[in-house]
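Here is the structure we will look at.
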Amino acid sequence: RHHGVSGPPEITLFFGRLHPLLVHLPIGLIVLLGTLEVLARFRRFKNANANAGPILALAVPAAVASVVCGWLLSRAGGYQEHLLQWHKWTGVATAAMCALAGLLYALNLKKPYRWCIFSSLLALVLASHFGGSLTHGSDYLVRYAPQPLRRWLGGTGTAEPAPAKVSDPTQIKAFAGLIQPVLKKNCVSCHGPTKAKAKLRLDSLQAMLKGGENGPAIVPGKAAQSPLVKRIHLPDTDDDHMPPNGKPQPTASEIALLEWWIDSGASDTRKIAELKPPPNIVRLIDARFGQ
């Protein structure tokens, strides 16, 4: 059986999804090998690298298996192509340098072996950075760093602002004030500008109406017929349930607000007051803004 109409076979996705599980083993082993080589330069720890052989015997196949599974996972699509290519090829370089290090160690060419290990470490740092950017966004690491460090590392220079206190919540735009924060919290990490699973983005109204591989995400005026809402209400064990089981789930109040907004026409320009929310929605809005 295939995943979707034109997607890769499900067995491909099964092995591909082992990548996040496997990848941490070679990372730890390569870092360990580099650390042992540094320690071995000191007289007190001159034998620190004596067991490099058995560690390499585990690190090399683990690195190769991780790269293969990562390549299979990439076939599912939904990743920013630029970041994906950088992550893929720096990952391949990491595994290749690790394998070459294993060969040089077996040939007792210790100096070239050490160069390969440190080259593998450098490639590993780059691959890890691009992998983290794929999953969490390009500024994930620096988003909440102190401002000077955030600017130096290429962050936006400002952290996400805390929700402003509003004297009259009904005068803010419903989409920007209520719905967009819900989507950003629960959906955009997998369906946003950095990563768009099934070619679906949920970071703007236009993107939701455009939809992805399975069509539009919402039907304005009809929450019950909107695929986004349908998937939210599926059982957690259903493969089509969104967000996926194990990810943070929207609260009952967030779902109620989303459904009300869609039933009200799914506008990204109208204020809450213009949509005439019923009393139960007014209570949810007041609670959300601490009224």
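Here Glu213 fulfils each of the conditions (1) open to solvent by less than 70 Å² (accessible area, probe 1.4 Å); (2) closer than 26 Å to Gln80 by Cβ apart from (1).
Scanning the stretch 65-121 for residues that are more than 17 Å from His24 (Cα to Cα), surrounded by fewer than 18 Cβ atoms within 10 Å (Cβ to Cβ) and among the aromatic types (Phe, Trp, Tyr) yields a count of 3. Among the residues of the stretch 216-231, the ones that are open to solvent by 20 Å² or more (accessible area, probe 1.4 Å), assigned to a helix (DSSP H, G or I) and either among the β-branched types (Val, Ile, Thr) or more than 23 Å from Pro248 (Cβ to Cβ) (or both) come to 2 in all.
Picking from residues in the stretch 21-33 that are touching a residue at least 40 places away in the same chain (Cβ under 8 Å) and surrounded by fewer than 18 Cβ atoms within 10 Å (Cβ to Cβ), the one that is farthest from Val64 (Cα to Cα) is Val31.
Which ones in the stretch 257-291 are at positive phi and open to solvent by less than 50 Å² (accessible area, probe 1.4 Å)? If the condition is that a residue be at positive phi and open to solvent by less than 50 Å² (accessible area, probe 1.4 Å), then Gly265, Ala266 are the ones that fit. Residue count for the stretch 185-210, restricted to those that are at pLDDT below 90 and open to solvent by 60 Å² or more (accessible area, probe 1.4 Å): 5. Restricting to the stretch 232-291, and then to whatever is under 31 Å from the mean Cα position of the chain (by Cα), in a helix (DSSP H, G or I) and small (Gly, Ala, Ser), can you tell me which residue is modelled with the lowest pLDDT? The residue in question is Ala287. Of Leu72, Leu13, Leu58, Leu109, all but one fail to be among the aliphatic types (A, V, I, L, M) and out of contact with any Leu (no Cβ under 8 Å at 6 or more places or on another chain); the exception is Leu109. The one condition from (1) open to solvent by 90 Å² or more (accessible area, probe 1.4 Å); (2) out of contact with any helix residue (DSSP H, G or I) (no Cβ under 7 Å at 6 or more places or on another chain) that Arg17 does not meet is (2).
Scan the stretch 228-243 residue by residue and report those that are over 20 Å from Ile281 (Cβ atoms) and touching an Asp or Glu at 6+ places or on another chain (Cβ under 9 Å). Even if it seems obvious, please write down each step before you answer.
To start, the set of residues in the stretch 228-243 that are over 20 Å from Ile281 (Cβ atoms) comprises 230-231, 234-243.
Within the stretch 228-243, Lys230, Arg231, Leu234 meet the criteria.
Considering only residues that are more than 27 Å from Lys88 (Cα to Cα) and either β-branched (Val, Ile, Thr) or buried (at least 16 other Cβ atoms within 10 Å of the Cβ) (or both), which ones fall in the stretch 46-64? Ala48, Asn49 - these are the residues of the stretch 46-64 that are more than 27 Å from Lys88 (Cα to Cα) and either β-branched (Val, Ile, Thr) or buried (at least 16 other Cβ atoms within 10 Å of the Cβ) (or both). Residues in the stretch 183-231 that are among the polar types (S, T, N, Q) and within 19 Å of the chain's Cα centre (by Cα): Asn186, Ser189, Thr194, Ser204. Residues that are surrounded by 19 or more Cβ atoms within 10 Å (Cβ to Cβ) and touching a residue at least 60 places away in the same chain (Cβ under 8 Å) do occur in the stretch 240-256. Taken over the stretch 269-291, the criterion of being charged (D, E, K, R) and within 16 Å of Gln171 (Cβ to Cβ) is satisfied by Arg270, Lys271, Glu274, Lys276, Asp286, Arg288.
The values are calculated or read from the model by the stated rules, or taken from the named source; none is laboratory data. Predicted model, so just to flag it, every value in this text is computed and none were measured. In this analysis, Cβ positions are derived from the backbone assuming ideal geometry, glycine residues included, and neighbour counts consider all displayed protein chains. We work out accessible area using only protein heavy atoms, side chains counted, and drop any ligands, DNA or RNA first. Shrake-Rupley method; radii C 1.70, N 1.55, O 1.52, S 1.80 Å.
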